[in-house]
Amino acid sequence: MRGHLEFISRSWDRLQSSFWFLPSVMAISAMAAAILLIWLDTLEAARLGWIDERTYAFGPESARAILSAIAGSMITVAGVTFSMTMLTLQLASSQFGPRMLRNFMRDRGNQIVLGTFLSTFVYCLLVLASVRGSGEAVFVPVIAVTFGMILAVASLATLIYFIHHIATSIRIETILAKLAVEARATALRVFPEHDHTLAPFPVKPSAEALPPTFDDDSRSVVASGGGYIQSINLDALRQIAITNDLVVRVEGRVGDFVPNKGSLVAAFPYGRVSDGVADDLSNAFSFGQERTPDQDIEFSLRRFVEIAQRALSPGVNDPTTALYCLDRLGEVLGILAGRHFPSGQILDQDRKLRVVFDPVTFADLAESAFAAVAGYGIGDRDLVARLLDVMERCSRGAATSDRETIMRMHDAIRAASAVSGFGVAKTAAHPIRE
């Protein structure tokens with residue numbers, strides 16, 4: 001049951017974040033509004049004093065002309081809007097990497113703009129179909145036509161907003177700011193604040209923590225379909241392990257690719273892992289065709305690194321963008337340095353081991369990001385100076401072992417920069433403060 005609820009929740013989240021969901025909802029709402037207003041017009045609102053016929057006097061032909069003009073212009077503008085959106089996606093993909101497409105597709109501003117134009121078009125078509133102008137059956141929905149004109153004015157304002165929005169959304173500063181917001185949210189959601197009752201620093205789980213016969217008497221639970229691990233419900237795994245008196249070892253991290261029938265967890269002992277329990281364990285994992293930043297902090301940092309690497313490539317040669325990326329990277333890593341990283345072992349109330357997994361450490365995240373950027377920009381003096389400063393600042397709030405790892409890389413990058421002929425003095429751009 002828990003697995004079905006989680007599947008429904010994940011499906012609803014994917015549906016809400018899709019590009020077509022909001023425009024579809026807006027179009028359906030426009031259909032409902034058209035039906036409602038036409039119904040109000042059939043109540044002879046003018047005779048009841050709801051409106052002044054002398055002020056709002058539409059004949060059948062003028063009503064048709066107004067609605068036809070609005071509908072025709074809206075579908076044209078919607079096509080232009082869609083074309084501009086596709087051009088923006090192409091530019092973002094080539095300039096900043098294909099991983100940026102997800103953010104542009106989820107942009108609520110673009111969805112609302114397209115939904116407004118489509119809604120106005122659908123609304124005007126339905127109202128246009130209700131206009132009658134022959135014999136005694138003449139019917140002009142005055143209220144509905146008036147509301148259509150209001151929608152046309154609102155659509156014009158939306159078009160102006162769209163032009164401004166599309167111009168600002170492709171600026172590197174805007175893109176990096178949005179990525180930083182997502183990365184900060186992931187860091188705060190996945191990694192709690194320091195708790196002195198927990199292990200102070202992450203500890204890699206050792207093989208000795210598992211039962212001696214774990215490998216010989218454990219059942220491997222496999223994935224029913226391939227894809228990237230987007231989330232792992234560790235609380236659900238712990239509860240399943242407690243309920244069935246199991247020890248569960250998670251075989252992968254969030255962000256790892258698991259092929260079809262690939263191993264997800266190993267559960268000990270084999271005899272207590274029924275098919276139903278195996279299904280529950282499998283349902284604790286969420287898969288997708290791509291990595292997402294919901295729980296994957298490595299992916300969140302990787303997007304900054306990818307933009308920096310593209311900016312430093314010979315074809316682009318934009319080191320200023322790389323400096324912006326380092327600033328944002330340092331901001332997120334600075335937040336992570338003050339968070340509590342998991343130990344890799346989850347116990348029950350009796351301090352009995354229930355779940356073992358491979359935890360991510362601050363040193364893993366920082367070392368991977370800094371090394372990737374340094375590999376492309378070791379010959380740029382300004383970039384190396386900024387990189388060394390960011391590394392030094394990030395190391396301050398880290399655990400002792402993580403700090404030592406980062407500072408060893410710090411010294412190695414400084415030495416490599418000196419060998420390349422672009423050595424950075426210790427007090428060059430940003431002094432290293434002890």
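Computed from the coordinates by the stated procedures, all read-outs in this text should not be read as laboratory data. All of these numbers come straight from a predicted model, not from anything done at the bench. Positions of Cβ are generated from backbone atoms using ideal geometry, with glycine treated the same way; all protein chains shown enter the neighbour counts.
Hey, how much of the P(r) for the stretch 319-381 falls beyond 16 Å, as a percent of Cα pairs?
59 percent
Would you please calculate the Kirkwood hydrodynamic radius of the stretch 290-432 over all C-alpha pairs and express it in Å, rounded to one decimal?
16.1 Å
Per Stokes-Einstein, at 10 °C and 1.306 mPa s, what whole-number D in µm² s⁻¹ belongs to the stretch 207-288, with the Kirkwood radius over Cα pairs as the hydrodynamic radius?
Here the translational diffusion coefficient equals 125 µm²/s.
Given the C-alpha centroids of the stretch 324-351 and the stretch 67-126, what is the distance between them in whole angstrom?
38 Å
From the Cα trace of the chain, what convex hull volume per residue do you get, rounded to a whole Å³? Show your work: numbers first, answer last.
Working: hull volume 91.5 nm³, N = 434.
Here the figure is 211 Å³ per residue.
Using a cut-off of 13 Å between beta-carbons, work out the net charge of the residues near Ile170 (Lys and Arg +1, Asp and Glu -1, Ile170 not included).
Net charge in that neighbourhood comes out at 0.
Between beta-carbons, use under 10 Å as the cut-off and find the net charge around Ser417, counting Lys and Arg +1, Asp and Glu -1.
Working: positive: Arg381, Arg414; negative: Asp380.
In short, +1.
Which far-off residues, 5 or more places away or on another chain, put their amide H under 5 Å from the one on Phe139, with H placed in the peptide plane?
The list, which skips near neighbours in sequence, is Arg132, Gly133, Ser134.
If each residue of separation counts as 0.36 nm, what is the full-extension length gain between Val138 and Arg184 once their alpha-carbon separation is subtracted?
Values: separation 46, 0.36 × 46 = 16.56 nm, distance 6.10 nm.
Here the answer is 10.5 nm.
Treat every Asp and Glu Cβ in the stretch 207-288 as -1 and every Lys and Arg Cβ as +1, leave all other atoms uncharged, and give the resulting dipole magnitude about the Cα centre to the nearest 20 debye.
Working: 6 positive and 11 negative charges, 38 e Å.
Dipole of the stretch 207-288, to the nearest 20 debye: 180 debye.
Would you mind computing, in nm to one decimal, how far apart the modelled labels at Arg396 and His340 are, each placed 7 Å from Cα along Cα→Cβ?
Those two pseudo-labels are separated by 2.4 nm.
Between Leu264 and residues 5 or more places away or on another chain, which pairs have amide H atoms under 5 Å apart, with H built 1.01 Å from N, and which residues are they?
Amide H neighbours of Leu264, under 5 Å, 5+ apart: Val221, Val222, Ala223.
Can you tell me the relative contact order of the chain? Whole percent, Cα pairs under 8 Å, sequence separation 6 or more.
Worked out over the chain, it gives 15 percent.
Per residue of the stretch 253-267, in order, report the coupling 6.51 cos²θ - 1.76 cosθ + 1.60 (Karplus, θ = phi - 60°) as ³J(HN,Hα) in whole Hz, putting x for Gly and Pro.
9, 4, x, 6, 8, 10, x, 4, 6, x, 6, 9, 9, 10, 10
On a C-alpha basis, how far is the centre of the stretch 208-284 from the centre of the stretch 356-383 in Å? Whole number, if you could?
30 Å
Only bridges with both residues in the chain count here: give the DSSP antiparallel percent, nearest 5.
Bridges in the chain that DSSP calls antiparallel: roughly 90 percent.
In debye, nearest 20: dipole of the chain around its Cα centre with unit charges on the Cβ of K, R (+) and D, E (-)?
Its charge dipole is roughly 640 debye.
Grab the DSSP H runs of the chain that are 4 residues or longer, score each as -39,500 (n - 2.57), total them, divide by all residues and round the 222 nm result to the nearest 500 deg cm²/dmol. Show your work: numbers first, answer last.
Numbers: 14 runs with 256 residues, N = 434.
Helix contribution divided over all residues of the chain: -20000 deg cm²/dmol.
Beta carbons within 10 angstrom, averaged per residue: use that to sort the peptides 119-131, 349-361, 370-382, highest first.
Packing order, densest peptide first, comes out as 119-131, 370-382, 349-361.
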